[in-house]
Amino acid sequence: MTKENDHEKLIKIISNNDLNAFSEAVLEIKDVNALFEHSNREIRLIHAVLNKSATDPVEMLRILVNNGADVNAKSGTDGQFTELTPLHYAVLHSENCVLYLLQKGANPNQTAKPTLTPLHNAILNQKPYTARILVDAKADYNVLNFDDKSSLTLAEEKGMEDIVRIIHQGESRSPITEEERYPEDYNY
């Protein structure tokens, strides 16, 4: 599937959260990691799933990853940013997706251009639980963003004491174990 109409059909399937149609369509795609243009953005299918799904898209993510989608794939141009990763998108939509992507090897320290990490994104969008997940996954809270501010500085400036506490707790406590992060009885 490379034609524009095929991608638009996929976007519609994603928006309708039609897992069966999505699963069938993914099998027909030659390169699940290819960039395509949608709404003046250059994205990959994994980004579209995280951006366009009406519900928690973890099942669609699972289908894509099982068919070779790269959990660290960078987008093309998406608004003011380029090189956004699936984790950047997941931060905005679903803790389940963040956990799933991390479990599958997503790098919590990849930066978009201009500099924005998933942790910056969690703080800018006031997602304290997601920030905790990222800190536990070894996200670097000292990376400076496009305004030359670290995640810790952003949280302090915004008066987000819960996130500041999470970051400071992350400095002083042992990282959580794989079993704690990805319990076997949790349905991702």
| field | 16 Å Cα-Cα reach of Lys30 towards lysines, excluding residues that sit fewer than 8 places from it in its own chain | value | Lys3, Lys9
| task | Please turn the phi angles of segment 40-54 into ³J(HN,Hα) values with the Karplus equation 6.51 cos²θ - 1.76 cosθ + 1.60 (θ = phi - 60°), one per residue in order, whole Hz, x for glycine and proline. | result | 6, 10, 9, 9, 10, 4, 4, 6, 4, 4, 6, 8, 10, 5, 6
| query | Across segment 148-160, in residue order, what do the Karplus-derived ³J(HN,Hα) couplings come to in whole Hz, using 6.51 cos²θ - 1.76 cosθ + 1.60 with θ = phi - 60° and x for Gly and Pro? | reply | 6, 10, 7, 4, 4, 4, 4, 5, 5, 5, 7, x, 8
| remark: About its Cα centre, segment 1-139 carries a charge dipole, from +1 on Lys and Arg Cβ atoms and -1 on Asp and Glu Cβ atoms, whose size in debye to the nearest 20 is 360 debye
| query | Who wins for biggest fluctuation among Glu28, Glu156, Glu83 in a Gaussian network model of the chain, springs between alpha carbons below 10 Å? | reply | Glu28
| Using a basic spin-label model with each label point 7 Å from the Cα along Cα→Cβ, how many nm lie between Asn66 and Leu19? | 1.0 nm
| message | Quick one: 3J(HN,Hα) in Hz for segment 56-69, Karplus 6.51/-1.76/1.60 with θ = phi - 60°, rounded, Gly and Pro as x. | response | 4, x, 4, 5, 5, 4, 4, 4, 5, 4, 5, 10, x, 5
| field | Lys113-Asp6 pseudo-label distance in nm [points 7 Å out on the Cα-to-Cβ vector] | value | 2.8 nm
| task | Would you mind telling me which residue in Tyr100, Tyr89, Tyr129 has the biggest mean-square fluctuation in a Gaussian network model of the chain, where springs connect alpha carbons within a distance under 10 angstrom? | result | Tyr129
| What is segment 1-93 by shape, rounded, prolate or oblate, if you read a ≥ b ≥ c off the alpha carbon gyration tensor as root eigenvalues and call it rounded for a/c under 1.5, prolate for a/b larger than b/c, and oblate otherwise? | rounded
| request: Once you have a ≥ b ≥ c as the square roots of the Cα gyration tensor eigenvalues for segment 65-162, tell me rounded if a/c is under 1.5, and otherwise prolate or oblate according to whether a/b is larger than b/c. | output: oblate
| Amide H neighbours of Thr77 under 5 Å, counting only residues 5+ apart in sequence or on other chains, H built in-plane at 1.01 Å? | Glu42
| remark: extent check for the chain: Cα max minus min per principal axis, descending, whole Å, gives 49, 39, 23
| Based solely on its DSSP helices, what 222 nm [θ] is calculated for the chain when runs of n ≥ 4 H residues each add -39,500 (n - 2.57) and the sum is averaged over all residues, nearest 500 deg cm²/dmol? | -14000 deg cm²/dmol
| field | Amide H contacts of Thr82 (H built 1.01 Å from N, under 5 Å, at least 5 apart or other chain) | value | Lys113
| query | Which residue, Ser94, Ser53, Ser23, tops the fluctuation ranking in a GNM of the chain built on C-alpha contacts under 10 Å? | reply | Ser23
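Since every read-out is calculated from the coordinates, none of them should be taken as a lab result. Note that the structure is predicted; figures quoted are calculated from it, not measured. Cβ sites come from the backbone with ideal geometry, for glycine too, and all protein chains shown count toward neighbours.
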